[in-house]
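Okay, so here's the structure we're looking at.
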Amino acid sequence: MGIGMRELLVILVVALLVFGTKKLKTIGSDLGGAVRGFKKAMEEGEAESEKKPAAEPAPAVAAERRIESSEAAASTAAPAAAAKKDNVA
């Protein structure tokens with residue numbers, strides 16, 4: 001029950017009579033530009049969503065660096081505490 005070739009032809013003739021050739025041409029070019037813009041936005045959205053998983057491990061790396069820095073601080077603090085203890089005695 002779709003639109004056949006006859007129905008499309010009737011719709012085109014009615015649109016041509018209502019809008020005229022110049023206005024119909026303008027409407028067609030505007031509609032084509034809108035479709036192109038929509039497709040471009042969809043492609044950019046897909047490309048952006050593909051990049052996001054690569055960016056997600058960064059917080060894990062930052063957390064790992066914090067752990068390493070706290071371990072380094074703890075290893076530096078332990079000898080300092082031991083030296084302080086030796087100086088007190």
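Values quoted throughout were computed directly from the atomic coordinates according to the rules given, and no laboratory measurement underlies them. This is a predicted model, so every value here is computed, not measured. Counting neighbours? That spans all protein chains shown, and the Cβs are built from the backbone with ideal geometry, glycine included.
Arranged from fewest to most other beta-carbon atoms within 10 Å of their beta carbon, 19, 38 become 38, 19. Going from the fewest other Cβ atoms within 10 Å to the most, the residues 10, 18 appear in the order 18, 10. Spin-label pair residue 44-residue 21: with each label point 7 Å from Cα along the Cα-Cβ axis, the two points sit 3.7 nm from one another.
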